[in-house]
Amino acid sequence: MLKNYIKTTLRNFKRHKSYTAINIFGFALGMACCILISLYVNEELSFDTFHEMSDRIVVVGTEGDMWGKMRATPYPLADAMVEEMPAIEKATRVSITGDLLLSDTEQNFVKIDNAKYVEPDFFELFSFDLLQGHPQEALKTPNNIILTPSAAKNIFGRSDDLIGQRIYWQRSDTVKVLQVAGIVEEAPANSTMQYDVLLSYKTRPAAARDISSWRGFSPHTYGLLTSTEAANSLSDQFDELVKAHYEVSEGKEPDQSFFSLPLEELHLSELSNNSGFTGNRAYLYLFGSVALFILGIACVNYVNLATARTSIRVKEVGVRKTLGAFRTQLISQFLGESVLISISSYVIGGIISILALPYFNQLFGTELHWQTDISFLLWLLLVASIIGVLAGFYPALYLSRFAPASVLRNKFKKGSSASWLRKTLVVIQFTLAVILIISALVVYQQLRYTQEKDLGFDGEQVVSVRLPNSTAWDTRENLKDRLRGYSSIQEVSIVSSMPGGFNLRLGYKPETISSQVKTDSNEPIIFAPTVVDYEFLKMLDIDMVAGRYFSKDLSADRNQAYVINEKAATALGWMPDDAIGKNVNFREEGKIIGVVENFHITSLKEEIEPVTLQLFEPTSWSTVGNLLVQLSPDKITNGLEIIESELKEYAPSQPFDYEFLDKKFKAMYKTEFRLGRIVVLFTIIAIIIACLGLYGLSAFAAERRTQEIGIRKVLGARIGSIVALLSKDFLKLVLLGFILAVPVA
Amino acid sequence: MIKTNNLKKVYTTDEVETTALNGIDLEISEGEFCAIMGPSGCGKSTLLNILGLLDNPTEGTYQFLDYEVSDKSERERARLRKGNIGFVFQSFNLIDELTVFENVELPLLYLGMPEDERKEKAEAAIDRMNMIHRRNHFPQQLSGGQQQRVAISRAVVANAKLILADEPTGNLDSDHGDEVMKLLAELNDQGTTIVMVTHSPHDAGYAEHTINLFDGQIVQEEVEDGFHV
Ligand SMILES: Nc1ncnc2c1ncn2[C@@H]1O[C@H](COP(=O)(O)OP(=O)(O)OP(=O)(O)O)[C@@H](O)[C@H]1O
Ligand SMILES: [Mg+2]
């Protein structure tokens with residue numbers, strides 16, 4: 001029986017190739033969108049679920065009137081939680097430190113981006129595999145470091161036999177020696193906890209481990225619940241804990257409290273470092289519903305085309321019924337057909353999605369991989385079959401309904417019966433498409449609005465680009481003049497290095513800098529010298545604390561003046577005002593003319609370094625420098641294009657890589673930019689699918705008409721014109737769809 | 001085999017009522033060859049559909065194989081139909097997507113017969129109509145006469161006791177028509193009951209029992225050598 005059905009189905013497909021192709025292609029496009037979006041949703045929902053005890057791990061944060069919710073917690077919290085809260089079995093601290101300079105010899109330091117201080121319990125809570133080394137011992141002693149294979153390769157050029165090896169860590173003015181205590185697997189992409197190296201917590205300077213201070217907030221604290229149910233009692237137990245450790249006056253709410261949230265929810269919570277389309281529930285819903293919309297439109301196509309072909313299938317129904325087929329048998333035959341179509345579409349859609357995945361990743365800023373995970377594929381297969389059943393359900397009921405007696409009288413009125421349905425569905429389909437377009441536009445507007453509000457935009461659209469080579473640096477004044485000529489560029493500054501990204505440090509003994517230094521220490525002080533220009537201060541909106549900035553009118557500023565930051569002044573033992581006018585020697589002699597506030601812009605590094613700003617280059621200096629450009633807020637894309645083409649003049653083959661100074665701005669700008677494209681893309685796909693269906697309907701109607709009129713021999717020319725004619729009918733429906741959609745959206 | 005009493009069929013479409021059959025009393029016994037004649041629109045096909053359990057009468061009773069069927073559900077009728085009744089239509093009504101063999105095999109499929117048995121029976125039925133060399137052809141590749149022979153194979157393949165034929169020669173030239181009539185007569189000789197609608201007095205000549213309809217009523221009935229009105 002099944003064989004017979006499949007035969008009929010396949011031969012039917014073969015005989016009505018264009019019908020089948022339209023159906024399958026439309027479905028496949030819809031499925032491809034769905035598969036890609038499911039990959040994305042699946043990845044987002046799977047964050048941190050790979051830990052064996054993920055359902056028992058909670059993230060603890062501090063909430064205060066002053067700062068709202070934050071992840072930083074007091075150091076003693078972890079121990080207090082274990083001791084005082086029955087719901088907590090274990091707790092562990094993790095501290096973030098910025099990038100590290102590490103090396104296997106004492107030179108050629110390599111920058112390692114993501115280092116964390118972790119405690120011995122780290123591996124008991126989290127299921128990261130320690131590939132080499134002992135999980136308990138590795139983190140017990142100070143100055144132990146655990147490397148990921150990639151970090152190990154970076155530092156040693158290999159990842160084997162490293163246990164016990166020394167690693168040198170250049171830490172501002174000193175070089176510290178660390179010992180390799182283990183190799184840990186790389187954190188999966190769907191882990192909120194990311195690291196390149198792990199340092200034993202005791203390596204952290206003692207001050208940062210102030211066991212007694214409940215007023216300082218720094219480490220992140222994770223807790224392990226005794227059971228999943230224990231989560232319910234957490235908030236009460238935290239209240240108790242706050243009462244025990246903070247002085248809370250009677251009848252007053254405490255200034256701060258602790259809160260917890262399941263680790264599995266961290267990624268999609270407001271506390272995650274989300275960027276782009278990850279870590280944001282709103283996008284999950286947005287794209288999820290887009291996928292359903294598109295699939296809905298594809299299903300409507302199926303229903304429309306299948307019922308339109310009633311007159312073709314109705315004879316078969318009559319004959320089969322006459323020969324003794326039950327209606328249920330016919331229903332399952334037709335459902336089988338639509339499931340076959342949906343499964344073929346799933347396979348083709350799968351192939352399309354594999355091909356499209358790199359572009360999808362680019363567009364979404366994700367790093368999704370096609371799941372080799374069989375259960376995910378089977379899941380999707382099941383969903384595809386269900387979609388087949390859903391799409392085929394009405395056509396199956398409709399087609400199997402015909403009584404053989406009336407069908408076989410040869411007087412069956414062709415196709416009239418369900419045409420109202422098809423017309424309605426076309427209207428619904430286009431209404432859906434238009435709602436999709438409009439709501440996407442609304443979301444887009446909304447996002448834009450919140451971004452503008454968040455960032456205040458003023459002065460924040462500064463983009464930083466590394467100059468391509470030293471020629472660009474040497475001729476920087478010309479480059480600046482050229483760039484200033486464009487209307488989309490407001491201001492230009494070129495500096496040797498970016499704050500937070502200083503690439504050169506020079507150490508001087510205090511007495512060599514100035515005789516008036518007020519510090520007892522004789523240790524060298526490390527400075528980050530930075531060659532700046534007149535525009536730098538204004539461009540980054542840095543305030544002067546004392547004195548003045550460089551002036552174009554004073555020639556001495558050009559080669560005998562320094563501006564330092566507060567940190568540098570402090571290091572030299574001066575109050576900002578004291579520093580002004582002091583003669584100093586940072587390789588060249590000069591006078592301090594001003595002190596600027598401590599600034600950090602690109603990096604949230606905890607420590608601010610002493611910085612000297614100067615207009616001239618120190619001797620034996622080499623740099624390529626950074627270009628900072630303030631763009632007109634409304635011409636950002638244009639501005640970026642101009643910078644790109646100007647820099648290509650110097651080095652045509654170098655990729656153009658820019659960064660907005662404000663990281664958040666950068667991420668959001670990129671997101672907004674991408675969202676625009678994604679919206680357009682999905683809308684186009686939705687419309688293509690809807691139009692495919694429309695084309696199928698009109699072509700079918702045309703074919704039937706030509707058959708009836710009996711002009712099949714002149715098909716070529718006629719069918720085109722008749723399609724156009726019939727499309728006009730459908731276009732009216734499309735228009736109606738638009739009109740209906742506008743108020744709904 | 002067939003016994004009807006006061007059969008009525010009224011079609012209601014767009015508030016217009018058409019009385020297609022108006023009180024048919026009919027008895028056809030096993031092994032008979034019966035022809036139904038009458039002008040277009042007099043209700044021949046309607047009667048045949050009811051006799052073939054494709055449709056229910058609006059009024060009256062119908063005993064098929066001594067079993068009251070006039071009030072049976074679609075499913076019940078389908079169950080009775082398969083294996084008992086074979087159909088032959090003017091327009092052949094073969095399924096275009098299936099080959100000759102697959103078309104003939106179809107009633108056996110719906111009877112739930114195992115594959116080897118199906119193959120044997122279908123091939124025997126096709127062979128009987130001299131169509132075995134065309135077993136893998138599709139209906140469009142055959143002439144009208146050949147298609148009708150396939151349709152007859154399909155009607156007999158399940159050893160139906162009753163074959164209902166609605167103008168089986170209507171779409172054929174006289175040579176092919178004769179051929180089909182001879183096949184039906186042969187089947188009748190072998191014991192199959194045949195009820196056939198026809199416009200052609202020549203074809204009606206094969207029957208021993210002729211019924212004349214007019215406006216949904218039997219106006220003349222002739223059995224063997226006798227008449228009655
Ligand atoms: N499904 C139906 N709905 C409405 N009216 C019908 C239906 N089937 C038949 N009729 C009407 O019932 C009457 C009898 O039709 P029927 O098909 O039985 O005639 P017939 O004798 O077979 O004619 P023909 O020789 O042309 O085949 C006709 O008037 C026809 O229009
Ligand atoms: Mg008729």
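A Förster distance of 45 Å, applied to the separation of the beta-carbon atoms of A:Phe376 and A:Ala651, puts the FRET efficiency at 0.55. Between B:Ser200 and A:Asn361, the modelled label-to-label distance comes to 7.3 nm, taking each label 7 Å out from Cα in the direction of the beta carbon.
Association of chains B and A removes close to 2600 square angstrom of accessible area from solvent, both sides included, for a probe radius of 1.4 Å. Legend: residues A:His51, A:His16, B:His202, sorted from most to least accessible area (1.4 Å probe; ligands, DNA and RNA excluded), read B:His202, A:His16, A:His51. Note on chain B: with charges restricted to the Cβ of Lys and Arg (+1) and Asp and Glu (-1), its dipole about the Cα centre is near 620 debye. A 1.4 Å probe, protein heavy atoms only, puts the accessible area of A:Leu323 near 20 Å².
In what sequence, highest mean first, do A:381-387, A:89-95 appear when ranked by Cβ atoms within 10 angstrom?
Values: A:381-387: 17.4, A:89-95: 21.0.
Top to bottom by mean Cβ count within 10 Å: A:89-95, A:381-387.
Restricting to the protein assembly as shown, compute how many DSSP beta bridges are antiparallel as a %, nearest 5.
Values: 94 of 129 bridges.
In the protein assembly as shown, DSSP labels about 75 percent of beta bridges as antiparallel.
Need one value for A:322-334: mean number of C-beta atoms belonging to other chains within 10 Å of its residues' C-beta atoms. Working shown, then result.
Details: counts 17, 19, 18, 7, 6, 3, 1, 3, 0, 0, 0, 0, 0.
Mean inter-chain Cβ contacts per residue within 10 Å come to 6.
Remark: spin-label model distance A:Val175-B:Glu115 equals 7.9 nm, labels positioned 7 Å along the Cα→Cβ axis.
Compare the peptides A:563-575, B:109-121, B:136-148 by average per-residue count of other Cβ atoms within 10 angstrom and give them in order, highest first. Intermediate values should be presented prior to the final figure.
Working: A:563-575: 22.3, B:109-121: 14.9, B:136-148: 16.9.
Descending mean neighbour count gives A:563-575, B:136-148, B:109-121.
Other protein chain C-beta atoms within 10 Å of residue C-beta, averaged over B:86-98: 5. Suppose R0 equals 25 Å. What FRET efficiency, 1/(1 + (r/R0)^6) with r the Cβ-Cβ distance, do A:Gln516 and A:Ser551 give to the nearest 0.05? For R0 = 25 Å, the calculated efficiency reads 0.55.
Farthest towards the positive end of the charge dipole of the protein assembly as shown, among the residues A:Ala28, A:Gly693, A:Leu382, is the Cα of A:Gly693, using unit charges on the Cβ of Lys, Arg, Asp and Glu.
Quick one: if the Förster radius is 56 Å, what FRET efficiency do A:Arg281 and B:Asp96 give, using the C-beta to C-beta distance and rounding to 0.05? Computed FRET efficiency for A:Arg281 and B:Asp96: 0.60.
Of A:Glu84, A:Glu43, the residue with the largest accessible area leads and the full order is A:Glu84, A:Glu43 (1.4 Å probe). Note on B:Gln140 and A:Glu659: the model spin-label points, each 7 Å out from Cα along the C-beta direction, lie 6.7 nm apart. Given their separation in residues at 0.36 nm each and the Cα-Cα distance between them, A:Asp474 and A:Thr328 gain 44.3 nm when the chain is fully extended. For chain B, the residue among B:Ala124, B:Ala35, B:Gly145 whose Cα projects farthest onto the positive side of the dipole built from Cβ charges is B:Ala124.
Holding the Cα-Cα limit at 30 Å, pick out from A:Lys14/B:Lys182; A:Lys202/A:Lys518; A:Lys17/A:Lys423; A:Lys243/A:Lys567; A:Lys14/B:Lys72; A:Lys17/B:Lys182 the pairs that are longer than that.
On the way: A:Lys14/B:Lys182 38 Å; A:Lys202/A:Lys518 33 Å; A:Lys17/A:Lys423 23 Å; A:Lys243/A:Lys567 38 Å; A:Lys14/B:Lys72 39 Å; A:Lys17/B:Lys182 41 Å.
Listed pairs above 30 Å: A:Lys14/B:Lys182; A:Lys202/A:Lys518; A:Lys243/A:Lys567; A:Lys14/B:Lys72; A:Lys17/B:Lys182.
Note on the protein assembly as shown: Cα Rg divided by 2.2 N^0.38 Å, N the number of residues, gives 1.43. Going from the chain on its own to the full set of protein chains, segment B:46-61 has these residues losing 20 Å² or more of accessible surface (heavy atoms, 1.4 Å probe, no ligands, DNA or RNA): B:Asn49, B:Leu54. When nucleic acids and ligands are ignored and a 1.4 Å probe is applied, A:His134 ends up with an accessible area of around 100 Å².
Charging the Cβ of each Asp and Glu at -1 and of each Lys and Arg at +1, and nothing else, the dipole of segment B:1-96 about its Cα centre rounds to 260 debye. Counting Cβ atoms of other protein chains within 10 Å of each residue's Cβ and taking the mean over peptide B:101-109 gives 4. Straight-line cross-link partners of A:Lys111 among the aspartates and glutamates, defined as a Cα under 20 Å from its Cα and at least 8 positions apart when in the same chain: A:Asp99, A:Asp173, A:Glu185, A:Glu186, A:Asp196, A:Glu606, A:Glu607, A:Glu609, A:Asp657, A:Glu659.
Using the heavy atoms of the protein chains and a 1.4 angstrom probe, tell me the accessible area per residue for segment A:54-266 in square angstrom. Could the numbers behind the result be given before it?
Values: 9800 Å² over 213 residues.
Computed with neighbouring chains in place, this is 46 Å² per residue.
Computed extension length for A:Glu83-A:Ile96: 2.2 nm, one decimal, from 0.36 nm per residue of separation with the Cα-Cα distance subtracted.
Provide A:Asp236, A:Asp104 ordered by accessible surface of protein heavy atoms (probe 1.4 Å), highest first. Mind dumping the intermediate values first?
Working: A:Asp236 100, A:Asp104 65 Å².
Sorted descending by solvent-accessible area, the residues read A:Asp236, A:Asp104.
Ordering B:Val157, B:Ile211, B:Pro168 by the projection of their Cα atoms onto the charge dipole of segment B:140-229, which places +1 on the Cβ of Lys and Arg and -1 on the Cβ of Asp and Glu, puts B:Val157 at the extreme positive end. Accessible area per residue for chain B, computed on protein heavy atoms with a 1.4 Å probe, is 43 Å².
Its Cα centre serving as origin, the protein assembly as shown has a Cβ charge dipole (Lys and Arg +1, Asp and Glu -1) of approximately 3020 debye.
Could you work out [θ]222 nm for the protein assembly as shown from helices alone, using -39500 (n - 2.57) per DSSP H run of at least four and dividing by all its residues? Round to the nearest 500 deg cm²/dmol.
Details: 31 runs with 433 residues, N = 974.
When only DSSP H runs of four or more count, the value is -14500 deg cm²/dmol.
Protection proxy ranking for A:156-165, B:32-41, using the average of other Cβ atoms within 10 Å per residue and placing the highest first: B:32-41, A:156-165. A:Met1 sits with roughly 60 Å² accessible to a 1.4 Å probe, with DNA, RNA and ligands left out of the calculation.
Taken along its principal axes, the alpha carbon cloud of segment B:1-74 reaches lengths of 40, 30, 19 Å, longest axis first.
Using 0.36 nm times the number of residues separating A:Ile163 and A:Arg482, minus their current alpha carbon distance, what extension gain do you get?
Gain on stretching A:Ile163 to A:Arg482: 109.3 nm.
Rolling a 1.4 angstrom probe over segment A:54-266 with all protein chains present gives an accessible area of which 45% lies on carbon and sulfur atoms.
The values are calculated or read from the model by the stated rules, or taken from the named source; none is laboratory data. Computed from a predicted structure; not experimentally measured. A quick note on method: Cβ atoms are made from the backbone with ideal geometry, for glycine too, and the neighbour counts reach across all protein chains shown. Just the protein is used for accessible areas: all its heavy atoms, side chains included, with ligands, DNA and RNA removed. Shrake-Rupley method; radii C 1.70, N 1.55, O 1.52, S 1.80 Å.
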